[in-house]
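Take a look at the structure set out below.
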Amino acid sequence: MNKPFYKRVLLKLSGEALMGEKGYGIDPFTVNYMAEEIKKAYQLGVEIAVVIGGGNIWRGSEAQAQGIERATADYMGMLATVINALALQNALEKQEVDTRVQSAIEMRELAEPYIRRKAIRHLEKGRVVIFAAGTGNPYFTTDTAAALRAIEIGADVIMKGTKVDGIYSSDPVKNSKAKKFDILTYMDVIRNSLKVMDSTAITLCMDNNLPIIVFNIRKSDNLKKIILGQKIGSIVLKEVKNDTGIQEES
């Protein structure tokens, strides 16, 4: 078995990643697929934390447009992330992967409260930790929660699993001429308003020199290959160097 390139990673998944081809909610087949992909990486001996969005159930921005107060809409979105976290936990434990859900909003009957030291201890004991309820505060996205939690637990990298194979100059689904970037800097992302993560999350990563890898989670084994050091997707770094230590995909 090849040695993992990363020791501790944070995987960011959107809520939409769990609904598959459905227009709403959770698709059990897709959740099981995500659990299988995480298990492949887990079996390499890497420590894995996960942050999931809630957009498949509730989108605060759309609710706000319909007249719901922003803070209330955001709290409702946090509850949606807890539902997704519990669904992923169930799928992972069916795969015999020991898992803990920690919530930024206290709900002891469903999840542990978020405690940084406890989360790190779970990771050290070989448990996958799923962080739910964002940061626990309105006006912050789950992207920002992912950046914050990754920094707090000392993750080596954020891996953002999406439906496209990297970062593009514009939406590749709508624009066939969109340019894909293999490597770019945080400032490139900010200056060009690239839709990687929100500006707060990008700034947090930049200030703490935390790499971000954007990749297609729908392609089997991509997560495992990245952890083994293969160059897949796009990576965001503090500065672009000729040699990042990442191998070309075979």
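We did not get these values from a lab; they are worked out from the coordinates using the rules stated. Only a predicted model underlies this, so the values are computations on that prediction, with no experimental measurement involved. Cβ atoms come from the backbone with ideal geometry, glycine included; neighbour counts cover every protein chain shown.
The table below lists the values:
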item	result
Test for Ser193: is it more than 25 Å from Met19 (Cα to Cα), among the polar types (S, T, N, Q) and more than 19 Å from the chain's Cα centre (by Cα)	yes
Checklist (1) closer than 26 Å to Leu210 by Cβ; (2) surrounded by 17 or more Cβ atoms within 10 Å (Cβ to Cβ); (3) touching a Lys or Arg at 6+ places or on another chain (Cβ under 9 Å); (4) not β-branched (Val, Ile, Thr) applied to Gly45, failing item	(2)
Test: residue in segment 215-236 that is under 30 Å from Arg116 (Cα atoms), in a strand (DSSP E or B) and hydroxyl-bearing (Ser, Thr, Tyr)	yes
Exclusive hit being surrounded by fewer than 12 Cβ atoms within 10 Å (Cβ to Cβ) and not in a strand (DSSP E or B), set Lys195, Lys174	Lys174
Leading residue by the ranking (nearest to Tyr114 (Cα to Cα)) among those in segment 64-104 that are assigned to a helix (DSSP H, G or I) and acidic (Asp, Glu)	Asp74
Residues within segment 27-63 that are assigned to a loop (DSSP other than H, G, I, E, B), closer than 30 Å to Arg121 by Cα and either in contact (Cβ under 8 Å) with a residue 40 or more places away in the chain or among the aromatic types (Phe, Trp, Tyr) (or both), tallied	6
Segment 153-182, subset over 20 Å from Leu13 (Cα atoms) and of a type in the set (A, V, I, L, M, F, W, C), residue farthest from the chain's Cα centre (by Cα)	Ala178
Residues satisfying the stated conditions in segment 62-108, i.e. of a type in the set (Lys, Arg) and either under 16 Å from the mean Cα position of the chain (by Cα) or surrounded by 15 or more Cβ atoms within 10 Å (Cβ to Cβ) (or both)	Arg100
Conditions (1) out of contact with any Lys or Arg (no Cβ under 6 Å at 6 or more places or on another chain); (2) assigned to a helix (DSSP H, G or I); (3) under 26 Å from Phe29 (Cβ atoms); (4) not aromatic (Phe, Trp, Tyr); number of the one not met by Ala145	(3)
Qualifying positions in segment 109-124 - surrounded by fewer than 18 Cβ atoms within 10 Å (Cβ to Cβ), free of Cβ contacts under 8 Å to residues at least 24 places away in the same chain and of a type outside the set (A, V, I, L, M, F, W, C)	Glu109, Glu112, Pro113, Arg117, Lys118, Arg121
Breaking point among (1) of a type in the set (Phe, Trp, Tyr); (2) surrounded by fewer than 18 Cβ atoms within 10 Å (Cβ to Cβ); (3) without any contact (Cβ under 8 Å) to a residue 60 or more places away in the chain, for Tyr139	(3)
